[in-house]
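The values are calculated or read from the model by the stated rules, or taken from the named source; none is laboratory data. Treat the numbers as computed from the prediction; the structure is a model and nothing was measured. Cβ placement follows ideal geometry from the backbone for every residue including glycine, while neighbour counts extend to all protein chains displayed. Keep in mind that these areas ignore ligands, DNA and RNA; they rest on the heavy atoms of the full protein, side chains included. Shrake-Rupley method; radii C 1.70, N 1.55, O 1.52, S 1.80 Å.
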Amino acid sequence: MIGYLRLRVPLSIAARLVLSAIGLGAVLLLIAGIILSTLYRRTTEFAFDERLNVYLKALVADVASFGESDRSEPGSLGEPRFELPLSGWYWQIGRIDTERDSEQSIRTSKSLFAGKLPRLADLGAKPGPNGIAEAYAQGPDDRTLRIIERLIDLGDDGRYFVSVAGDPAEIVAEIRQFNLAILVTFLVLGLALAAGTLAQVRFGLRPLAKLQSALGQIRRGEVQRIEGSFPPEVSPLADELNLLVDSNHEIIDRARTHVGNLAHALKTPISVIVNEAHAEQSPLADKVREQTQLMRDQVQYYLDRARAAARAATVGSATDIEPVVAGLVRTFGKICQGRGITFDSSVEDGLRFRGERQDLEEMLGNLIDNASKWAAGRVDVRAAKGPELGPERPSILFQIDDDGPGLPQDKRAEATRRGRRLDETKPGSGLGLSIVVDLAQLYGGQFNLADSPLGGLRAELILPAVTG
């Protein structure tokens, strides 16, 4: 599932950089935290052992200074907790009887309260270079203790072991406080690093955002080329895009030239055939005139379609809607002045068509012309923001209404077919609506016929819009 989402929704470069930096930083901070916590634990244990070692040395000095018969009771060693029963702080002095292979505790702190510390030698703890063994072990009250132990050989006076134990709760508390401090510090540091990484990525990718903005201006028809300076890593890309835009314009210009040449090459022979047919009056001449007129319409249709396809592929073309609609309404108002048809128009402010002006005039002109042929007395032209044609693809909705007889639902699809005329009494070649359909498809738009609130037919044309 995750792999599927990765394929369908790829991460942006900024997201990749930020997430990878945050992930790597989190791993490094975690490793650093573990290392620091381990080092601090060892340091704290060493300091605690040094404290126990001070008491151990005092006890060893007491054992070594006097004979067993003269040995006095060691003091509290400056630590009152050695006097409190089961306080967690204990010391113990024992003698090893080598003949009987046994141990005998001869001195203990009052805190042991008739208890006994375990021998580290029995637990497998080995003495270090200084002869002192260190380990954690269970005390008389089942409390975990930190114990250090040393073996002393007094020759004829025998062999003794001296043990000092302390409650390691201090170590645990200090380590817990240190870990909490490390956690808070690293969290703040991690957030600061994440913010710094985000700022660094935004600053580093700013040239790409600038390049994207420049491409948007070209797409909206505001500029013809990418201008401005870019870093060495992005500058070649900007140059290549400028070359691509120039190449696109050259290809379109070349296509227009070829289409124009083809139009002239075809129109001349057709005109000759028409003139020859007009010179005679016969059924054959009538048929030739009829077919040559059909040829002329079809040739003109396909030439217009080829030119429109070339213009639709042009990068950066944009057309204001209001002057186009106003000009067409004014023109058809004059043409239909004698028929008493009223034209009304309404265009939302700021609308711009993503395409060539002459293609927009071709589509709207055909629709207004068709409406004026069937209207009884009124034609309305409306333009407003339409539904999106896709993600981030705004559109313009054109609605051309007439108060004519309308068109049945079952005949609307047939009306848009090329060369199809539903009423032979009306002038035209039957190519008007099909031209609108083809041009709308070339621009990725839509065309529909519906019922008009005026009582006649409504033509709805949806074309891509320019934002901003």
Item to check | Highest average packing first - 189-197, 228-236, 400-408, Cβ atoms within 10 Å | outcome: 400-408, 189-197, 228-236
Item to check | Residue-count net charge about Val324 - beta-carbon cut-off 9 Å; Lys, Arg +1, Asp, Glu -1 | outcome: -2
Checklist entry - With every protein chain present, what accessible area does Ile22 have (1.4 Å probe, heavy atoms only), rounded to the nearest 10 Å²? => result 80
Item to check | Rounded if a/c under 1.5, otherwise prolate or oblate - the stretch 185-230, Cα gyration tensor axes | outcome: prolate
Checklist entry - Length gain on complete extension for the stretch Asp122 to Lys411, per 0.36 nm per residue less the alpha carbon to alpha carbon distance? => result 93.6 nm
Item to check | Sum of side-chain charges, Ala125 neighbourhood, beta-carbon under 10 Å (Lys, Arg +1; Asp, Glu -1) | outcome: -1
Checklist entry - Sorted by mean Cβ packing within 10 Å, highest first, what order do the peptides 206-215, 110-119 take? => result 110-119, 206-215
Checklist entry - Sorted by mean Cβ packing within 10 Å, highest first, what order do the peptides 271-281, 128-138 take? => result 128-138, 271-281
Item to check | Reachable lysines from Lys334, criterion Cα separation under 23 angstrom, eight or more residues apart if same chain | outcome: Lys373, Lys426
Checklist entry - Can you list the GluC sites (Glu not before Pro) in the stretch 350-383 that are in a DSSP coil and have 11 or fewer other beta carbons within 10 angstrom? => result none
Next on the checklist: From the protein chains alone at 1.4 Å, what is the descending order of accessible area for Arg339, Arg352, largest first?
Outcome noted: Arg339, Arg352
Checklist entry - For the stretch 443-457 and the stretch 112-171, what is the separation of their C-alpha centers, rounded to whole Å? => result 98
Item to check | Segment Leu19-Phe178, extension gain: residue separation times 0.36 nm, minus the distance between their alpha carbons | outcome: 54.4 nm
Item to check | Within-12-Å neighbourhood charge of Ser87 [Cβ basis; K, R +1; D, E -1] | outcome: -1
